[in-house]
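The values are calculated or read from the model by the stated rules, or taken from the named source; none is laboratory data. In this text, all values refer to a predicted model and were calculated from it rather than measured experimentally. Heads up, the Cβs are rebuilt from the backbone with ideal geometry, glycines too, and the neighbour counts pull from every protein chain shown.
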Amino acid sequence: MIGPQQRVIAIDGPAGAGKSTIAKALSVRLGIKYLDTGAMYRAVTYEAMLRDLNLDDLENIAQLAVDCDLHVGLDRVIINGHDATVAIRQTDVTANVSKVASNSGVRKEMRIRQQEWATMHGGGVIEGRDISTVVFPEAILKVFLTASPQIRAQRRVEQQGGNVNEIAAAIEQRDLFDSTRSDSPLAESNDSIVVDTSDRTIEEVVNELETLFLSRLSHGNS
């Protein structure tokens, strides 16, 4: 039998690759829960900034992550009683989240919470940047979504507005930071399915991942 932490679809990839859109659609298609782990790091960043804490104070920020009351749902993010759903997507949080996400103490706490979430829900579609490589290395299906830098920037502009070139530069900077950090860098797992979403529809990608998941689930339970 496949355990709950193995009954996970782990979706990793850089910003703008379509992780959230595809992961949400896949969870609806399969009737299983969805978790956006990036929202967890954004929420901690938001709370630290709300308290005007020094983000370079690793110990203090890590303790904040341990102590916080955090709830990340399909359409709501609540931290310490604050509805941070909109605030965590603002540019100031986006500009600082990589710094908080590189904090090993924060990552350790969020990893524990993510694994507990999967156990509680019997698996799920979980997206982030280290889900297949670190958090759920035994996941039944590991996916690395990517897309061309220009496409990713255009998608962000469509979602949030702004200048394509400026957003492309910001995405490139965050990619570099996330892929070179010492703790749990953004990377493909050796056994991940790499999917370039640049020229594919959401439905096409979801169909492919659904087929792969159901096939592996059936094989694992045979």
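Which one of these does ALA17 not meet: (1) of a type outside the set (D, E, K, R); (2) at pLDDT 95 or above; (3) in contact with a strand residue (DSSP E or B) (Cβ under 8 Å, 6 or more places away or on another chain)? If we test ALA17 against (1) of a type outside the set (D, E, K, R); (2) at pLDDT 95 or above; (3) in contact with a strand residue (DSSP E or B) (Cβ under 8 Å, 6 or more places away or on another chain), just (2) comes out false.
Based on this model, can you work out whether PHE177 counts as of a type outside the set (Asp, Glu) and modelled with pLDDT under 85? Yes.
When VAL143 is tested against the conditions (1) crowded, with 20+ Cβ neighbours inside 10 Å; (2) in the same structural domain as ARG51 (by TED's automatic domain parsing), the lone failure is (2). Only residues that are within 12 Å of the chain's Cα centre (by Cα), assigned to a helix (DSSP H, G or I) and either aliphatic (A, V, I, L, M) or under 19 Å from LEU217 (Cβ atoms) (or both): list them for the stretch 103-134, please. Across the stretch 103-134, the qualifying residues are MET110, ILE131, SER132.
Considering the stretch 99-123, and only residues there that are touching a Ser or Thr at 6+ places or on another chain (Cβ under 9 Å), of a type in the set (S, T, N, Q) and crowded, with 18+ Cβ neighbours inside 10 Å, the residue that is farthest from ASP178 (Cα to Cα) turns out to be GLN114. In the set (1) charged (D, E, K, R); (2) assigned by TED's automatic domain parsing to the domain that holds LYS19; (3) without any contact (Cβ under 8 Å) to a residue 24 or more places away in the chain, ASP130 fails one condition alone, (3).
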